Amino acid sequence: MFSGNLNNKIEEALSVQLRSTILILSVKSVTGGSINDAYCLVTNNGKYFIKTNQANRYPNMFEREAKGLALLKNANTIRIPKVILFDEFEATSFLILEYIESTNPQPDFWQNFGKKLAELHQNTNTNFGLDHNNYIGSLHQQNNLHPTWVDFFINERLQPQIKLARDNNEVDSTTILKFENLYKKLDEVFPKEKPALLHGDLWSGNFMSDEKGESVIMDPAVYYGCREMDIAMARLFGGFDAEFYSSYNEYYPLENGWEQRIDVCNLYPLMVHVNLFGGGYLGQVKSILSKF
């Protein structure tokens with residue numbers, strides 16, 4: 001599946017990183033998302049997970065993903081795949097991670113998952129945002145720092161997506177006006193909380209159960225934000241058991257009214273989907289805006 005030159009480059013990079021001669025024995029295609037090609041590398045030193053893409057298509061994507069994974073891993077809560085290395089060769093960029101075998105979840109999977117996410121969210125920062133920009137899906141995600149959540153949410157989350165949708169004729173002036181009216185109310189909508197370390201793209205495709213049947217999260221869009229953003233995203237497309245939310249609330253209770261704020265939080269991922277997949281998601285956006 002790789003050219004001979006790329007195969008040799010990966011062997012060389014792994015050998016340098018791991019300080020041992022690494023030989024690729026086979027390459028097997030695996031599921032890894034819609035953006036990148038994903039494979040299991042079987043080597044003389046065990047298995048590794050690798051994602052590849054065209055180097056000029058999404059500049060620095062794997063570097064930013066590696067930084068996000070490292071930030072989450074350093075929090076020492078939920079299991080995060082270990083980054084082995086990222087690099088570019090000719091027209092291809094690649095990211096190599098530890099390979100985690102998936103098994104059936106333990107009976108207490110959801111309870112532990114909720115608890116660990118609550119622990120992750122207790123990692124905080126001075127400002128909302130991050131010291132670098134990254135991606136959500138294939139879209140650029142800007143993370144300029146702001147002292148308040150509302151300023152960050154408007155200027156770094158909603159406005160860039162609205163501008164992109166307007167430029168692509170996916171959103172009309174009436175909807176834009178409704179967003180502007182919503183902005184005036186957001187100070188009353190969101191509670192005042194410290195920035196929380198977020199996964200940033202927490203849907204059912206970005207978690208799994210490992211060899212022990214415990215939770216693993218991957219493919220993040222990391223930043224410090226309102227912790228309800230992760231909770232809302234988990235609710236948006238389903239796939240999370242009710243015990244996940246009750247366990248989270250037991251260990252790190254959400255402020256009153258969080259279930260009503262979920263729709264507002266999800267305006268961001270919904271607008272991302274409008275821009276990635278077209279206006280089919282715009283109906284949900286309009287329905288949420290109409291409530292305000």
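The values are calculated or read from the model by the stated rules, or taken from the named source; none is laboratory data. Source: prediction; values computed, not measured. Here the Cβ positions follow ideal geometry from the backbone for every residue, glycine too, while neighbour counts run over all protein chains shown.
A few notes on this one:
- Counting only residues that are farther than 23 Å from E193 by Cβ and modelled with pLDDT of 95 or more, region 134-159 holds 3 of them.
- Yes/no for I22 being of a type in the set (A, V, I, L, M, F, W, C), more than 21 Å from the chain's Cα centre (by Cα) and either over 25 Å from L139 (Cα atoms) or outside any strand (DSSP E or B) (or both): yes
- Criterion: closer than 27 Å to N249 by Cα, among the hydrophobic types (A, V, I, L, M, F, W, C) and in contact with a Leu (Cβ under 7 Å, 6 or more places away or on another chain) - qualifying residue of V189, V171, V150: V150
- Answer from K67, K115 - the residue that is assigned by TED's automatic domain parsing to the domain that holds V216 and either under 26 Å from D241 (Cβ atoms) or in contact with a His (Cβ under 8 Å, 6 or more places away or on another chain) (or both): K115
- Entirely in region 94-213, the strands (runs of 3 or more DSSP E) that have 1 or more residues that are surrounded by fewer than 18 Cβ atoms within 10 Å (Cβ to Cβ): 139-141
- Out of V216, V222, one residue alone is in contact with a Lys or Arg (Cβ under 6 Å, 6 or more places away or on another chain) and over 23 Å from F292 (Cβ atoms). It is V216.
- Selection within region 214-250 - out of contact with any Leu (no Cβ under 6 Å at 6 or more places or on another chain), acidic (D, E) and either in contact (Cβ under 8 Å) with a residue 60 or more places away in the chain or assigned to a loop (DSSP other than H, G, I, E, B) (or both): E214, D219, D241, E243, E250
- Within the span defined as region 57-78, one or more residues are modelled with pLDDT under 95 and more than 18 Å from the chain's Cα centre (by Cα).
- Any hit, region 22-40, residues being surrounded by fewer than 14 Cβ atoms within 10 Å (Cβ to Cβ), basic (K, R) and not assigned by TED's automatic domain parsing to the domain that holds M208: yes
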